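Below is one structure, written out as structure tokens; the observations come after it.
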Amino acid sequence: MSKPKLIVILGPTACGKSGLGVSLAKAYGGEIVSADSRQVYRGLDLGTGKITAEEMEGVPHHLLDVAQPGEQYSVARFQTEAYAAIDGILARGRLPFLVGGTGLYLRAVAEGYVFHDAPPDPTLRAALEALPTDALRDRLTAAGVALDEDCFHNRPRLVRLIEKLENGEDPHAEAERDPRYDVLTLGVTYPRETVCRRIDRRLWARLDAGMIEEVADLRKNGVSDEFLEGLGLEYRYILHYLTGALPTVEALAEELGRAIKRFAKRQVSWFKKDRDVHWLDMDGDPIAQARALLDAFLTQEGPSWS
């Protein structure tokens, strides 16, 4: 039996995934499910580059602002909620778009990862939660566990990997898959030099828009420094600035810019492993390229989405 169709748009940070998703969703009567491990949290807006209501241009977006800062949010929970959102979109006769840069979230939905995790051990979890993020990473790397870009700064993910180790599970084991959807995957990126320029430009724009004040307000409202540190990138480095570890905004921008560029490079390496990605020429006419691919994909045999 043919599967319902899903469009995935992925790529490194600052390369235009959100804008492309909105343009295509408007053209094809679609709705967007965000696949970003930090944009699920309320109040994390400028720091995550979260799309604004104006930028959505009336296109419904799902799985933004669904968790409180400090709340644990797992890939398994994301998959469950993404399935529900996608199935709701399909039931309304609309086309679902899964858009984001968190590779593990994207693959869990697009490839249909099957999760068989044992229930957490409260005693072990409490002990692990007391450890700094660096210590969690060291414990995993000492055991030979390779850390991808999605979990390097993700404390809940690091804790869960250690729990798997302690439970005798192999974190390297290939995930069992049961895909629900027929997927077309579009990739957006630019040459490395262009990506770096876009990152610098966007970083200063967000700093000017109040990104530092956003982090300061989160702290005032009770969000812990440990949680902000675990988010990595913007939240980690702005926290360092607010606590005096980085002396000036210029030093903050320099250190943070380098970190974001390293992160973007890891994202590209992660996504390039997937041979099924159709990479768009972003210096050409990516909308026309994407529409040609969608038109061909949507005319293939399968259930109607409209």
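Listed values (1) 27, 22, 21; (2) 31, 25, 18; (3) 38, 26, 23 include one computed from this model; for semi-axes √(5λ) of the Cα gyration tensor in Å that value carries the label (2). Using a Gaussian network model of the chain in which every pair of alpha carbons under 10 angstrom is joined by a spring, one finds that among R155, R201, R275 the greatest mean-square fluctuation is at R275. Between L20, L233, L124, the residue with the greatest mean-square fluctuation in the GNM of the chain (Cα pairs under 10 Å linked by springs) is L124. Scalar couplings 3J(HN,Hα) for the stretch 190-198, obtained by applying the Karplus form with A = 6.51, B = -1.76, C = 1.60 to θ = phi - 60°, are 9, x, 3, 5, 5, 4, 5, 5, 5 Hz; x denotes Gly and Pro. A straight Cα-to-Cα reach below 22 Å connects K261 with the lysines K17, K50, K272, K273, residues fewer than 8 places away in its own chain not being considered.
Listed by Cβ neighbour count within 10 Å, with the fewest neighbours leading, K26, K220, K17 appear as K220, K26, K17.
In square nanometres, what is the average projected area of the Cα convex hull of the stretch 101-222? Mean shadow area of the hull around the Cα atoms is 11.1 nm². Annotation: the antiparallel percentage among DSSP beta bridges lying fully within the chain is about 10. Comparing T248, Y113, I7 along the charge dipole axis of the chain, the residue lying farthest to the positive side is I7, per the Cβ-charge model. Ordering P60, G100, G70 by the projection of their Cα atoms onto the charge dipole of the stretch 51-188, which places +1 on the Cβ of Lys and Arg and -1 on the Cβ of Asp and Glu, puts P60 at the extreme positive end. For the stretch 153-158, putting each phi into the Karplus relation 6.51 cos²θ - 1.76 cosθ + 1.60 with θ = phi - 60° gives couplings of 10, 9, 4, x, 5, 4 Hz, in residue order, rounded to whole numbers and with x for Gly and Pro.
Work out the FRET efficiency for E226 and E193 from their Cβ-Cβ distance, taking R0 = 45 Å, and round it to the nearest 0.05. Each step should come with its number before you reach the end.
Values: r = 36 Å, r/R0 = 0.80.
Working from the Cβ atoms, E equals 0.80.
When each of C196, C151 is scored by the number of other beta-carbon atoms lying within 10 Å, the sequence from fewest to most is C196, C151. Extension gain, L124 to Q68: 0.36 nm times the residue separation minus the Cα-Cα distance gives 17.8 nm. Provide the FRET efficiency to the nearest 0.05 for the D283-K3 pair, computing r from the beta carbons and using R0 = 51 Å. According to the calculation, E is roughly 0.95. Given R₀ = 22 Å, what would the calculated FRET efficiency be for E57 paired with E213, taking r from the Cβ atoms and rounding to 0.05? Once rounded, the FRET efficiency stands at 0.25.
Every number here is computed from the coordinates shown, using simple stated rules; none is lab data. The structure displayed is predicted, hence computed values, not measured ones. Cβ atoms come from the backbone with ideal geometry, glycine included; neighbour counts cover every protein chain shown.
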